[in-house]
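Here is the structure we will look at.
The values are calculated or read from the model by the stated rules, or taken from the named source; none is laboratory data. It should be emphasised that the depicted structure is a prediction, and the values quoted were computed from it without experimental measurement. Please note: Cβ atoms are built from the backbone with ideal geometry, for glycine as well, and neighbour counts cover all protein chains shown. Note: accessible area is taken over every heavy atom of the protein model, side chains too, but ligands, DNA and RNA are not part of it. Shrake-Rupley method; radii C 1.70, N 1.55, O 1.52, S 1.80 Å.
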Amino acid sequence: MSLPVSTLLTVLTAATPAPSPENTLRPGLDPSQVSPGLVGFLMTFLLAAAVVLLVMDFNRRNRRLRYRAQYAEQRAAEDHVGGYADDAAASPSRTSRTGGSSEGDVARPPRAGDRRDGPLRD
């Protein structure tokens, strides 16, 4: 067991390079030639700005979706508890808000295509 470990350590120590001197650039290269410069900074800044704008847009859309779901739950609760359901049950000759028959469609939750919801907007 000790033979493979010692062989592995020997191979690893032989494969590691020796520490480099202080000047790590090739002879003839200036540090300003190998830095990203203004173009690298601008590209990094634009990429970071795009990511920030995308995160803000995602949060805005997520918040809008949450508000729409909350509003739909409130509308469904109003339809089930009271509101127009009591009026439709009192006078069977009138139609419900959903456009269906007066008693059968009153208790159902609103659908996305109902006229009272209006068109969905971004």
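Computed values, structure above
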quantity: Residue that is least open to solvent (accessible area, probe 1.4 Å) [pool: residues in the range 20-65 that are charged (D, E, K, R) and at pLDDT below 95]; calculated: D30
quantity: Residue match in the range 70-79 (condition: small (G, A, S) and either at pLDDT below 55 or loosely packed, with under 10 Cβ neighbours inside 10 Å (or both)); calculated: no
